[in-house]
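Colleague: Let me give you the structure first, and then I'll get to my questions.
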Amino acid sequence: MIRVAVAGAAGRMGATTCEAVEAAEDMELVGRADPTLGTTVADVIEDADVLVDFTLPDQAVGNATLAVHAGVHVVIGTSGWSDTALREGVSGAPGNVFVAANFAIGAVLMMRFAAEASKIMDSAEIIEYHHAGKIDKPSGTAARTAEVMQGDVPIHSVRLPGLVADQDVIFGGEAQTLTIRHVTTDRTSFMPGVLLAIRKVAELPESPVIGLDKLLWPSSP
């Protein structure tokens, strides 16, 4: 049984993660950390094997650093933090860290297909759509997509109520366009990826590991 604590447990993604963990037969939810609940990460990691972080960019690195040095593995779904600060903070710790810009399997496939298409098509641009409450622009998914693609790929960010998390990667070529689109209709779409990361984080060959593709295609470069 994997004992799981969730940071940001009262937020939309955190609450959905708590429900998914409680429904998983091989997991036990042992703690919910959130300011609105009056609990901190330090309060909940003592009994946890894995901490899942869906907090804010200015909190994620500190939470991960605290947890991994206490021997607790960490799965981060928060985006917008400093990669350098994370690597420095968790260096040499007994706990592992896994990070994903997007835990939806379809989004990971979108990124993989976009990387391949960028090798052939003339140019591309990304449009990412998120709910009005999302703080970081561009999203971690859009930034990661552009990173794995060839060429300079502009990113356009849309923040509107009614959206969850969608993304278009639009390619242009002579007399043609190609659009790779991923649409999220509910936050439960992220849960298979989150649960996969919880199950795999203790076995990581290095830390931190970034990207759900590393778990789906572990032999890929």
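All of the numbers you see were taken from the coordinates with simple rules; none came from a lab. Being a predicted model, the structure only gives us computed values, none of them experimental. Virtual Cβ from ideal backbone geometry, glycine too; neighbours counted across all protein chains shown.
Colleague: Which order do 210, 180, 120 fall in if you start with the one that has the fewest other Cβ atoms within 10 Å?
Modeller: Fewest-to-most Cβ neighbours within 10 Å comes out as 120, 210, 180.
Colleague: Let me ask something else. Given the options 197, 48, 70, which has the most mean-square fluctuation in a GNM of the chain, springs set between C-alpha atoms less than 10 angstrom apart?
Modeller: 70
Colleague: Residue farthest toward the positive end of the dipole of the chain, with Cβ of Lys/Arg at +1 and Asp/Glu at -1: which of 120, 97, 66?
Modeller: Checked the options; the winner is 120.
Colleague: Can you run phi through the Karplus equation (6.51, -1.76, 1.60; θ = phi - 60°) for segment 79-85 and list ³J(HN,Hα) in whole Hz, with x for Gly and Pro?
Modeller: Once rounded to whole Hz, the list reads 10, x, 8, 8, 5, 5, 4.
Colleague: Another one. For the chain, compute the orientation-averaged projected area of the C-alpha convex hull (one quarter of its surface), in nm².
Modeller: For the Cα atoms of the chain, the hull's average projected area reads 12.1 nm².
Colleague: Hey, what's the Kirkwood Rh for segment 1-79 if you take every pair of different alpha carbons, in angstrom?
Modeller: Here the Kirkwood hydrodynamic radius works out to 11.9 Å.
Colleague: Order by neighbour count: 153, 52, fewest other Cβ atoms within 10 Å first, most last.
Modeller: In increasing order of surrounding Cβ atoms, one gets 153, 52.
Colleague: In which sequence would 181, 199, 144 go, from the one with the fewest C-beta neighbours within 10 Å to the one with the most?
Modeller: Fewest-to-most Cβ neighbours within 10 Å comes out as 181, 199, 144.
Colleague: Further question: Relative to the longest principal Cα axis of the chain, at what angle does helix 12-23 sit, 0 to 90 degrees, rounded to 10?
Modeller: Compared with the principal axis, the helix lies near 60 degrees.
Colleague: With no solvent and one equal point scatterer placed on each C-alpha of segment 105-183, evaluate the Debye formula and give log10 I(q)/I(0) for q = 0.11, 0.18 Å⁻¹, two decimals.
Modeller: One equal scatterer on each Cα of segment 105-183 leads to -0.26, -0.66.
Colleague: Select from segment 126-221 those GluC sites (Glu not before Pro) which occupy a DSSP coil region and have at most 10 other Cβ atoms within 10 Å, ordered by residue number.
Modeller: 174, 206
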